Amino acid sequence: MEHRLAAVLAADMAGYSRLMEADEVGTLARLRAHRIELIDPAIAKNQGRIFKTTGDGLLVEFQSVADAVRCATEVQIRMRRRNSDVPENKQIHFRIGINLGDIIFDDDDIYGDGVNVAARLEQLSDIGGIFISQAVQEQVLDRVDIQFEYLGEKSLKNISRSVRVWRAVLEDGASIPDPGSGQARRAVVKPSIAVMPFANMSRDPEQEYFVDGLTEDIITELSRRHELFVISRNSTFVYKGKSVNLREVAQKLGAQYLVEGSVRRSGDQLRVTAQLIDTANDAHIWAERYDRKLDDVFAIQDELTAAIVATLPGRVEAAQHDLLARKTPANFAAYECVLAAKVRHHRSDRAENEEAQKLIAQAVELDPDYAHAHAWRGCILGQAWVYGWCADKEATYNEVLRELEIARTLDENDADVHRILAASCINRNDLDKARHHQERALALNPNYDLVVVQQGELLSWLGHPKEGVEWIRKAMRLNPHHPERFWSHLGKAHFAAHEYAEAIDAFMHLARMDASQHAFVAATYASMGDPTAAAAHYEQMAVLDPELTIESFLATLHYGNETDLAHIRAGLTMAEAAHSGRAAGLQETGLKPVEPVRPPKSLKGCA
């Protein structure tokens with residue numbers, strides 16, 4: 001047995017039995033999510049080692065007392081944020097106790113007085129609180145930026161002596177201690193938007209509940225988009241039923257953009273109009289009309305909310321980009337740098353990616369506490385990693401993970417953070433963990449087209465391509481101005497579902513294809529029994545990437561089922577054979593290969 005002085009952290013879930021009795025499956029799922037996303041990463045980051053776990057608690061050893069306190073503080077602060085969008089009766093809270101003492105290490109377990117005191121401090125702790133012993137307080141007094149309140153000497157169960165106990169003071173809005181950062185927190189200037197109460201044009205008072213419900217749902221769903229600052233319902237509903245000057249209202253609310261609309265019912269028909277206004281110049285940026293048959297009023301409300309909310313952020317972003325084009329980079333604020341970096345990133349080009357990296361780094365430098373910037377830095381670096389646009393792939397990937405962990409620490413409830421984490425897991429072929437983060441992203445923002453389309457991608461990798469097609473088409477409906485790459489995702493899903501004609505139709509919507517996309521098209525044509533077209537696209541794949549082989553291409557895919565991998569291998573093998581035969585025939589005749597002919601635009605399908 002080994003004796004050593006160490007810091008011990010004891011944590012336990014408050015109200016475990018009550019929560020399990022009310023909802024066993026849901027409680028276990030939420031607890032597992034907290035472990036995967038927060039607790040275990042925080043322990044690892046602070047060099048802790050888990051020695052014992054129970055259904056609702058754990059015992060962790062740290063060689064540094066300061067690391068133990070930082071870990072506990074991060075867990076409790078982030079748990080408050082995670083609970084902010086969870087009903088009170090489903091919230092999970094922890095108690096934490098920390099002690100410094102002599103520990104006995106034996107057969108992967110720890111014992112001794114130091115452990116016992118930590119466990120008793122945890123039992124004494126407030127819900128959501130941290131209690132520490134005098135020994136811990138003396139060690140961290142000048143080493144962590146946390147205040148402690150002295151609670152006096154306490155008698156602890158089965159501890160013969162009294163122990164001096166301190167409580168960590170964790171005020172609302174407290175920041176997580178970071179030993180490597182002394183930068184002050186600064187606010188990000190995001191575009192602000194106010195949704196005015198929609199007007200009931202039906203002259204039917206009974207329709208007011210639908211109209212108000214639609215407005216409230218739009219406000220709620222827009223608030224999920226963390227790149228926007230959304231004015232609260234209480235502020236905008238003051239103007240319900242009043243004739244107002246929109247510019248004056250915007251000034252009072254501090255809103256750059258206003259959304260207004262109306263609802264009209266005629267028989268079983270419902271018409272909803274919505275428009276987005278730039279309050280600086282009263283310009284109408286976007287307007288849309290939705291006509292629906294009134295079969296299920298609540299289903300219609302959900303559908304219209306999803307359609308409006310999916311489109312609005314993109315319209316705001318486009319308007320912001322127009323303003324950005326008239327600025328010089330030296331004048332960019334953090335949000336504007338992120339916006340400019342996104343535009344570059346979506347062009348999927350090496351030079352554009354390098355520029356995006358510069359812009360996103362500038363955003364992080366301007367505001368180191370801007371979670372959305374860190375998330376997108378991870379995304380942009382991840383693009384460089386996937387395409388090999390970096391000198392050191394391992395170092396770049398580690399940087400991606402670091403940026404995503406920072407983003408998640410700063411904002412638990414940003415759907416982009418979990419979307420990008422899911423993407424990184426897919427690229428590592430960790431599909432189970434990818435599914436976990438993808439489900440979290442969907443729960444946080446079910447109307448975000450990038451989250452929805454990724455759900456379709458993931459389902460295709462998991463062996464459910466027909467479901468994947470449905471999700472990808474839903475993303476296209478949510479955002480009619482979706483990035484062109486959505487068609488590529490759709491084509492791959494149709495191929496995996498053996499729907500070859502639909503796959504070709506989707507790929508032909510692309511203005512140009514990269515080597516990977518030509519490979520899929522070649523495999524699709526070969527599977528359809530068209531060796532000429534298969535050979536032509538295999539030729540284009542080889543021209544664009546001469547070093548790409550069938551096996552090296554297959555290594556870039558993430559199918560969870562071997563049958564799906566065998567499916568595309570068979571298609572590419574046939575395409576390769578057709579290409580070899582075609583090349584031999586051309587060599588005999590002295591002819592040169594020709595570019596594959598694309599079908600005219602009029603033959604392309606629609607979303």
### Task
Kindly write out, for segment 82-99 in residue order, the coupling ³J(HN,Hα) from the Karplus curve 6.51 cos²θ - 1.76 cosθ + 1.60 (θ = phi - 60°), rounded to whole Hz, with x marking Gly and Pro.
5, 7, 5, 10, 10, x, 4, 6, 10, 5, 10, 10, 10, 9, 9, x, 10, 9
### Query
What is the set of long-range amide H partners of Phe51 at a cut-off below 5 Å, with H atoms built 1.01 Å from backbone N?
Leu59, Val60, Glu61
### Message
For a quick check: with amide H placed at 1.01 Å from N, whose amide H comes under 5 Å from Ile103's, ignoring anything fewer than 5 positions away on the same chain?
### Response
Arg4, Leu5, Ala6
#### Entry: Per-residue HN-Hα couplings for segment 373-389 [Karplus 6.51, -1.76, 1.60; θ = phi - 60°; Hz; x = Gly/Pro]
5, 5, 4, 6, 5, x, 5, 5, 5, x, 4, 4, 5, 4, 8, x, 8
## Note on the structure
Amide H neighbours of Gly463 at under 5 Å, excluding residues fewer than 5 places away on the same chain, with H built from the backbone geometry, are Gly560
### Ascending count of other beta-carbon atoms within 10 Å, so fewest first, for Tyr397, Tyr16
Tyr16, Tyr397
### Query
What list of ³J(HN,Hα) values in whole Hz, one per residue of segment 570-580 in order, does the Karplus curve 6.51 cos²θ - 1.76 cosθ + 1.60 (θ = phi - 60°) give from phi, with Gly and Pro shown as x?
4, x, 5, 4, 5, 5, 5, 5, 5, 5, 5
### Task
Grab the beta carbon distance between Ile50 and Ser155, set R0 = 30 Å, and tell me the FRET efficiency rounded to 0.05.
0.55
### Message
What value in Å³ per residue do you get for the convex hull of the alpha-carbon atoms in segment 188-293?
### Response
104 Å³
### Query
What order do you get for Asp505, Asp414 when you list them from fewest to most C-beta neighbours inside 10 Å?
Asp505, Asp414
### Query
Taking segment 2-169, how much of its Cα-Cα pair set, in percent, is spaced more than 21 angstrom apart?
44 percent
### Message
Within a 10 angstrom radius of the beta carbon, how do Lys466, Lys242 rank from fewest other beta carbons to most?
### Response
Lys242, Lys466
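Rule-based calculations on the coordinates, nothing more; no lab input. Please read all numbers here as calculations on a predicted model, not as lab measurements. Cβ sites come from the backbone with ideal geometry, for glycine too, and all protein chains shown count toward neighbours.
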